[in-house]
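**Student:** Got a structure here, written out as structure tokens. Questions coming.
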Amino acid sequence: MAAIQVPPPVLQRIDASSQSLGEGMPIRRALPTRERRLVGPWCFLDHFGPVDVTRGPGMRVGPHPHIGLQTVTWLYEGEVLHRDSLGCVQPIRPGQLNLMTSGQGISHSEESPAQRPAMLHGVQFWIVLPDSARNGAPAFDHYAELPRVEHQGLQCTVLVGSALGADSPARMRWPVMGVDVRIEGAADALLPLDPDFEHAVLVTIGSAQVEGETLEPGMLLYLGGQRSGLRLRAGAGARLVLIGGRPFEEPVVMWWNFVARSKPELSVACREWNQGDAKFGEVEGYDGARLAAPVPPW
């Protein structure tokens with residue numbers, strides 16, 4: 001087997017794009033972009049809020065399908081109600097993690113509950129499933145508690161994978177790590193990294209210096225690989241997400257909510273969803289229409 005090619009260390013600043021989620025929820029999309037499609041197996045990164053959801057519908061994303069990925073949802077403020085075709089109905093609140101594994105096919109909806117906190121703020125990631133897992137059975141897991149580690153004044157929550165001597169209970173199918181880092185005041189810290197992973201950082205609240213680069217919300221910093229540590233500095237409170245993973249070795253093609261290996265595979269998935277194929281199941285209880293898959297341009 002050929003050795004994994006870990007990229008050299010770099011500092012690549014990537015501007016997130018402004019998008020709209022569901023029925024008008026504004027988001028910042030940091031992955032994928034023209035400059036970078038993947039960080040390890042991480043292929044998608046949305047940062048939504050903070051937004052006042054006391055007026056209007058809040059978050060409303062109708063039933064839609066996924067193949068070939070895992071979704072990771074993490075909130076700072078507010079509440080989101082998840083429903084899926086497995087029959088799972090699960091509210092998620094700050095400090096908790098929702099992990100949905102699509103396997104060969106799943107559908108779900110996301111919405112703000114009728115009785116909800118005023119503010120909504122969080123992130124959602126997608127992680128590519130390798131060939132060994134992407135055609136398996138779908139699954140949903142909710143983790144009410146995750147390991148927390150204090151490190152050189154940083155408050156770190158291990159979302160997925162392993163970091164700082166702690167292991168997340170979230171079930172991953174590829175070597176990966178994700179850490180929420182809360183900085184409550186002035187800080188100067190060194191976070192250990194796995195040099196066999198590539199990494200990136202997204203600041204979600206406040207401002208922080210990452211390897212000397214000043215970051216604010218709306219900017220992703222790709223770090224490359226071959227790093228054993230990461231210098232973080234801040235003059236006041238801030239929050240960021242550090243993601244990393246072993247470089248993904250398989251071809252990845254994305255369209256809409258699908259992750260596959262070829263364009264024909266994506267075309268089939270769109271057609272199957274729009275025709276109501278049973279493999280995606282049905283989401284019960286959402287009081288709105290399901291989303292239609294846009295036809296690929298090829």
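The values are calculated or read from the model by the stated rules, or taken from the named source; none is laboratory data. It should be emphasised that the depicted structure is a prediction, and the values quoted were computed from it without experimental measurement. Glycine gets a Cβ as well: all are built from the backbone with ideal geometry, and neighbour counts include every protein chain shown. For the accessible areas, the whole protein counts, side chains as well, though only heavy atoms, and no ligand, DNA or RNA atoms are used. Shrake-Rupley method; radii C 1.70, N 1.55, O 1.52, S 1.80 Å.
**Student:** In the stretch 1-19, is there at least one residue being over 12 Å from Phe248 (Cβ atoms), without any contact (Cβ under 8 Å) to a residue 40 or more places away in the chain, assigned to a strand (DSSP E or B) and among the small types (Gly, Ala, Ser)?
**Tutor:** Checking the stretch 1-19: at least one residue is over 12 Å from Phe248 (Cβ atoms), without any contact (Cβ under 8 Å) to a residue 40 or more places away in the chain, assigned to a strand (DSSP E or B) and among the small types (Gly, Ala, Ser).
**Student:** Here's something else I'd like to know. When the stretch 93-125 is examined, which residues are found to be open to solvent by less than 10 Å² (accessible area, probe 1.4 Å) and within 21 Å of Leu266 (Cβ to Cβ)?
**Tutor:** Met100, Thr101, Ser102, Gly103, Gly105, Ile106, Ser107, His108, Phe125
**Student:** Let me ask another. Within the stretch 19-36, is there a residue that is at pLDDT 95 or above, within 23 Å of Pro91 (Cβ to Cβ), crowded, with 22+ Cβ neighbours inside 10 Å and of a type outside the set (Val, Ile, Thr)?
**Tutor:** No, every residue in the stretch 19-36 fails to be at pLDDT 95 or above, within 23 Å of Pro91 (Cβ to Cβ), crowded, with 22+ Cβ neighbours inside 10 Å and of a type outside the set (Val, Ile, Thr).
**Student:** Being within 24 Å of Leu240 (Cβ to Cβ), over 17 Å from the mean Cα position of the chain (by Cα) and surrounded by fewer than 19 Cβ atoms within 10 Å (Cβ to Cβ): is that true of Pro8 here? Reasoning before the result, please.
**Tutor:** On the way: within 24 Å of Leu240 (Cβ to Cβ): yes; over 17 Å from the mean Cα position of the chain (by Cα): yes; surrounded by fewer than 19 Cβ atoms within 10 Å (Cβ to Cβ): yes.
For Pro8, the condition - within 24 Å of Leu240 (Cβ to Cβ), over 17 Å from the mean Cα position of the chain (by Cα) and surrounded by fewer than 19 Cβ atoms within 10 Å (Cβ to Cβ) - is met.
**Student:** Name the single residue that is nearest to the chain's Cα centre (by Cα) among those in the stretch 232-274 being part of a loop (DSSP other than H, G, I, E, B), closer than 22 Å to Trp42 by Cα and not charged (D, E, K, R). Talk me through it step by step, then tell me what you get.
**Tutor:** Looking only at the stretch 232-274, we keep the residues that are part of a loop (DSSP other than H, G, I, E, B), and these are 235-237, 246-252, 256-257, 261-262.
Going one step further and asking which of them are closer than 22 Å to Trp42 by Cα, we end up with 246-252, 256-257, 261-262.
The next check asks that each one be not charged (D, E, K, R); those that pass are 247-248, 251-252, 256-257, 262.
Details: Pro247: 17, Phe248: 16, Pro251: 20, Val252: 16, Trp256: 15, Asn257: 13, Ser262: 22 Å.
Among those residues, the one meeting the criterion is Asn257.
**Student:** So for the stretch 126-149 (the condition being outside any loop (DSSP other than H, G, I, E, B), closer than 26 Å to Gly56 by Cβ and among the aliphatic types (A, V, I, L, M)), does at least one residue qualify?
**Tutor:** No: zero hits.
**Student:** Would you pick out the residues in the stretch 210-231 that are under 16 Å from Ile243 (Cα atoms) and part of a strand (DSSP E or B)?
**Tutor:** Result: Val210, Leu215, Met219, Leu220, Leu221, Tyr222, Leu223, Gly224, Gly229, Leu230, Arg231.
**Student:** Report the residue count in the stretch 62-93 for those that are more than 26 Å from Leu242 (Cβ to Cβ) and either among the hydroxyl-bearing types (Ser, Thr, Tyr) or not in a loop (DSSP other than H, G, I, E, B) (or both). Talk me through it step by step, then tell me what you get.
**Tutor:** At the first step, the residues of the stretch 62-93 found to be more than 26 Å from Leu242 (Cβ to Cβ) are 62-65, 67, 81, 83-89, 91.
Filter once more, so that each one left must be either among the hydroxyl-bearing types (Ser, Thr, Tyr) or not in a loop (DSSP other than H, G, I, E, B) (or both): 62-65, 67, 81, 83-85, 89, 91.
Of the residues in that region, 11 qualify.
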